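Scroll down for the structure; my scribbles are underneath it.
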Amino acid sequence: MQNAIKKAVDLLFESLPFSKENEECKEHIMSLAVQKYERDLEEGCCPAIAAGNFLIHADTLAHVGAYLGVRTLADASGAETGKEEQLFSRVQKKLRRNCILLSIFTALTFNSVLAFFLNLSVVHLIIVIIECAAFGVLCCLLIKRQQHIVRRYHFFDTSFVYTCRKTAEEKYDLYTKKLTNTMFGMFSMAFILFFSLSLGFTSLQYTLNEAVNTVNFYLFFIFLFFYLALKNVLCRKLYAAFFCKRKTVEYMCELRRISLASACYYLFFGVVLLLLRNKMEHVFSAALTVMACYFVFAVFYNFTRRRNFTGRNIVFNIRKVSCYTLSAVCFLGYSFMRLDLYLLQPYINTVSETGQNENDITYDEDSGIYTIFAKEDSFKILQLTDIHLGGSALSIVEDTKALKACNTLIEKTEPDLVVVTGDLVFPMGIMSFSFNNNAPIMQFANFMRNTGIPWVFTYGNHDTEALATLSRAEVDVLLKSLSYKTSKNLLYPYVQPDVYGRSNQMIEIRASDGSLMQALFLLDSNDYVASGGVNEYDYIHDDQVAWYQRMIQNLSEQEGYTIPSMIFTHIPLREYREANDLYESGSSEVTYYYGTLGEKMIDKICCSEYESRLFDTAVELGSTQAIFCGHDHYNNQSLQYKGIRLTYGYSIDYLAMPGIENDTEQRGATLITLHKNGTYDITPFRLIDLQ
């Protein structure tokens, strides 16, 4: 019945001029009518009669005023007394644009100050002073302009035609709804930021500098939500000025209730997840679940309680909803896929050191060469390839399986050195749902540090993809920061030869008496040809081959004989295809050892179509005994061709190819055992045989 009374009052004012005075009068009459209705109920009237007493007098304002005992505005149509709708539309648009610009410049000022406190320096201080001065002047000009427009048109003291009421009510509802949803978004962003920082600090993964870098990453989101909140507050305030103050007061109280409930919700679950972080493998996934539940609450609130503060609550526009949803999904999806998510850390913390003989390692600062002195007469190298860590919340299951597979293979073989031949990470967006190659690399380095086994790395074609968060140069800097001087087990060169590619290096394996057992060459097969098409692979360039040749010749001259050596790279040489074609034709030029070619997705052997001189140079030098590669996940064949053993390493990948998670025959590693006399053995290990 109260709704019928309110609707009757709305109808009385529907044709009157739209003004602040009339809206206040309308609110006053509605309040008195409801009070009169409630008094009638207390005196014993039934609801229908109590409402009817008002409705029979609700034909004109004069009759309503007489019934309620108050003076009201004279009854009039109002259509002729109000100013035109075009004036209202023009002025409110000017004021709204002014509010938006004021919000932008204020948010930029706030962002500049916050950036200064995150990057304390004289340069940033000068920049923030200049920016704050510039934005401050602009804000002052916009405030004065707003005041001038209001005074010039007497905007809030003027009566407009009654049709303007609908525009004002729609805009009031719009910015009320936007402000509410912005509040939900702000609390979710604050939760994920503080949870990430807290998880990093409590897991001992963050230094203060890394925490600052994380907040710097979120600066855009902080700016965005600050701007949206301020814009919605100012625009809502603009249209609320036409309506009664009670609405604004009640809504502000509601926002405080939302804020308190949201803060308590996120604080409670944040503390619970942090306390359980070491007992849960997927603590970040649980945090995302907490956010998803909060989102459900926000949707429920929008459909129910929010209607108390808006005229029309849910207005469904399929085109607008589709456009906004698609934009939000693309933007948030891209932003999410660039996040540093250290989701594997709980599992990594459980990895313990693998028992093996500790070999002495030295590093030459001038040449960038690591030398490992084997304490035993044999030295074991485990080749891991195509691990493909995704680094996202959606790839956490596959990433955990990959690290567990690596750990099982390391524990069973107890190698002295692990060689990762590329595609350690998969920052492609597809399958991995991540463009991040920073966090997965750091987590694998942490994993290997826990095993206590030295390891080396040569790049694959996926480690520094075009959309990856870290470029080639940045990954190089990252690996140097994680290398031997810091970790004591990553043998990444601080000094690299001035040739094409990254991390071209030589590692000497020597016996305890100093004699050379083997020289290991890690050559960057590079990724894609710059001017080529999709999956047009690069090759090992001539200057890389020339460097390899010089190193062989210099070391052979130093040792007094042609040294034994091996090459590790990612993308197979074209000779892998040539050798297999000869093998399949039954040629005696090729010796088969083991394995199959199971690759079917693109080519049986995915090598570069560009010629590399590496193989011919290796044959000519007579030093290199074996070449090891990865890249083709289902290939694990080992053939000998022209005196060189061409071997595909068993891959780890659970992620990068459709359905590969459920395939088992191709997953494993390759163990290379070096002997003091320069000979070697190659033993394949399938993961399925070890489990």
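The values are calculated or read from the model by the stated rules, or taken from the named source; none is laboratory data. Here the structure is a predicted model, which is why all the values come from computation and not from measurement. Methodologically, a virtual Cβ is constructed for each residue, glycine included, from the backbone with ideal geometry; neighbour enumeration extends over all protein chains shown.
Filter the stretch 428-447 down to residues that are among the aromatic types (Phe, Trp, Tyr) and within 19 Å of CYS406 (Cβ to Cβ) and give me whichever is surrounded by the fewest Cβ atoms within 10 Å (Cβ to Cβ). That would be PHE447. Pairs are defined by a Cβ separation below 6 Å, a sequence spacing of at least 6 or placement on different chains, a first member in the stretch 38-56 that is assigned by TED's automatic domain parsing to the domain that holds LEU11 and closer than 22 Å to LEU12 by Cα, and a second member that is of a type in the set (Ser, Thr, Tyr) and part of a helix (DSSP H, G or I); the pairs so defined are ALA50/TYR37. If I filter the stretch 602-615 for residues that are touching a strand residue (DSSP E or B) at 6+ places or on another chain (Cβ under 6 Å) and modelled with pLDDT of 95 or more, do I get at least one hit? No, because not a single residue in the stretch 602-615 is touching a strand residue (DSSP E or B) at 6+ places or on another chain (Cβ under 6 Å) and modelled with pLDDT of 95 or more.
Each residue in the stretch 39-58 was checked for being out of contact with any helix residue (DSSP H, G or I) (no Cβ under 8 Å at 6 or more places or on another chain) and either among the aliphatic types (A, V, I, L, M) or assigned to a helix (DSSP H, G or I) (or both), and 5 pass.
It is to be established whether one or more residues within the stretch 459-480 are of a type in the set (D, E, K, R), closer than 17 Å to MET551 by Cβ and not in a loop (DSSP other than H, G, I, E, B). Checked against the condition, which is being of a type in the set (D, E, K, R), closer than 17 Å to MET551 by Cβ and not in a loop (DSSP other than H, G, I, E, B), the stretch 459-480 yields no hits at all.
Residue-wise test of (1) of a type outside the set (S, T, N, Q); (2) within 34 Å of the chain's Cα centre (by Cα).
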site: VAL91; (1), (2): yes, no
site: LEU95; (1), (2): yes, no
site: ILE100; (1), (2): yes, yes
site: LEU114; (1), (2): yes, yes
site: VAL122; (1), (2): yes, yes
site: CYS132; (1), (2): yes, yes
site: SER159; (1), (2): no, no
site: ASP173; (1), (2): yes, yes
site: LEU179; (1), (2): yes, yes
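Considering the stretch 456-511, and only residues there that are closer than 24 Å to SER556 by Cα and among the acidic types (Asp, Glu), the residue that is surrounded by the most Cβ atoms within 10 Å (Cβ to Cβ) turns out to be GLU508. In summary, PHE243 fulfils each of the numbered conditions (1) modelled with pLDDT under 85; (2) part of a helix (DSSP H, G or I) with the single exception of condition (2). Residue pairs whose Cβ atoms lie under 8 Å apart, separated by 6 or more positions or on different chains, with the first residue in the stretch 1-24 and under 16 Å from ILE56 (Cβ atoms) and the second surrounded by 15 or more Cβ atoms within 10 Å (Cβ to Cβ) and among the basic types (Lys, Arg), are VAL9/LYS26; LEU12/LYS26. Restricted to the stretch 266-280, and to residues there that are in contact (Cβ under 8 Å) with a residue 40 or more places away in the chain and crowded, with 16+ Cβ neighbours inside 10 Å, the residue that is farthest from GLY185 (Cα to Cα) is ARG277.
Residue pairs whose Cβ atoms lie under 7 Å apart, separated by 6 or more positions or on different chains, with the first residue in the stretch 603-614 and under 12 Å from TYR634 (Cβ atoms) and the second in a loop (DSSP other than H, G, I, E, B) and not charged (D, E, K, R), are ILE605/PRO572; CYS606/HIS631. Here ILE318, ILE348 are screened, and the one residue that is without any contact (Cβ under 8 Å) to a residue 24 or more places away in the chain and over 18 Å from ASP423 (Cα atoms) is ILE318.
So that you can scan it fast, the table gives a plain yes or no per residue for (1) of a type outside the set (A, V, I, L, M, F, W, C); (2) out of contact with any helix residue (DSSP H, G or I) (no Cβ under 8 Å at 6 or more places or on another chain):
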| position | (1), (2) |
| --- | --- |
| LEU639 | no, no |
| TYR654 | yes, no |
| ASN662 | yes, yes |
| LEU674 | no, yes |
| THR679 | yes, yes |
| PRO684 | yes, yes |
| ASP689 | yes, yes |
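Residue-level check: of (1) under 22 Å from ASN22 (Cα atoms); (2) among the small types (Gly, Ala, Ser); (3) free of Cβ contacts under 8 Å to residues at least 60 places away in the same chain, GLY185 misses just (1).
In the condition set (1) in contact with a Ser or Thr (Cβ under 6 Å, 6 or more places away or on another chain); (2) free of Cβ contacts under 8 Å to residues at least 40 places away in the same chain; (3) within 23 Å of ILE381 (Cα to Cα), VAL475 is compliant with all but (3).
Looking at LYS404, LYS412, LYS380, just one residue is of a type in the set (D, E, K, R), surrounded by fewer than 24 Cβ atoms within 10 Å (Cβ to Cβ) and under 30 Å from the mean Cα position of the chain (by Cα), and that residue is LYS404. Is the stretch 299-314 home to any residue that is of a type in the set (Lys, Arg), in a helix (DSSP H, G or I) and in contact with a Pro (Cβ under 9 Å, 6 or more places away or on another chain)? There is no residue in the stretch 299-314 that is of a type in the set (Lys, Arg), in a helix (DSSP H, G or I) and in contact with a Pro (Cβ under 9 Å, 6 or more places away or on another chain). Restricting the first member to the stretch 584-597 and to residues that are within 17 Å of ASP681 (Cβ to Cβ), and the second to residues that are among the aromatic types (Phe, Trp, Tyr) and surrounded by 11 or more Cβ atoms within 10 Å (Cβ to Cβ), the beta-carbon pairs closer than 9 Å and six or more apart or on different chains are THR591/TYR583; THR591/TYR641; TYR592/TYR583; GLY595/TYR648; GLY595/TYR650.
Scanning the stretch 32-42 for residues being surrounded by fewer than 14 Cβ atoms within 10 Å (Cβ to Cβ) and either within 59 Å of the chain's Cα centre (by Cα) or modelled with pLDDT under 75 (or both) gives a total of 2.
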